[in-house]
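Participant: Got a structure for you, written out below as structure tokens; questions coming shortly.
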Amino acid sequence: MPRETATNIEIDGNVRCKRIYPVEDSKKTIDELQTIGISLTKEQAIHLATVLLAVSQKWDYIDITGFRLRKRKSDDTYQLTVTTKSDNKTE
């Protein structure tokens, strides 16, 4: 069996969370909101931290986007994406 190096490790970028706040039926308008929140299980927090650690080795700026209106029916979770603009990457 050949050896594998750390460069062969792939990380699943499909990050999920339990909830994103404010909830979709919030009575406040966008300009009244001063904070956002993300609720994670232990496993989801570890997954997000792993993805952030991996991309921070190459990217100078990181954007995290939460899709608070798109609840996945199979497990009642919400999607988080971790991205950067192409001009924000270190080469």
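Participant: From the residues in the range 31-61 that are of a type in the set (A, V, I, L, M) and more than 10 Å from the chain's Cα centre (by Cα), which one is modelled with the lowest pLDDT?
Facilitator: Checked the range 31-61; the qualifying residue modelled with the lowest pLDDT is L33.
Participant: If you don't mind, another one. Return only the number of the condition from (1) under 16 Å from D75 (Cβ atoms); (2) in contact with a strand residue (DSSP E or B) (Cβ under 6 Å, 6 or more places away or on another chain); (3) of a type outside the set (S, T, N, Q); (4) modelled with pLDDT under 95 that D12 does not satisfy.
Facilitator: (2)
Participant: Can I ask one more? Restricting to the range 47-87, what's the tally of residues that are surrounded by 13 or more Cβ atoms within 10 Å (Cβ to Cβ), free of Cβ contacts under 8 Å to residues at least 40 places away in the same chain and closer than 22 Å to E10 by Cβ?
Facilitator: 11
Participant: Read through the list (1) touching a strand residue (DSSP E or B) at 6+ places or on another chain (Cβ under 7 Å); (2) among the aliphatic types (A, V, I, L, M); (3) within 18 Å of Y78 (Cα to Cα), then give the number of the only condition that A49 fails.
Facilitator: Looking at each condition in turn, A49 falls short on (1).
The values are calculated or read from the model by the stated rules, or taken from the named source; none is laboratory data. Computed from a predicted structure; not experimentally measured. All Cβ positions, even for glycine, are placed from backbone atoms using ideal geometry, and neighbour counts span all protein chains on display.
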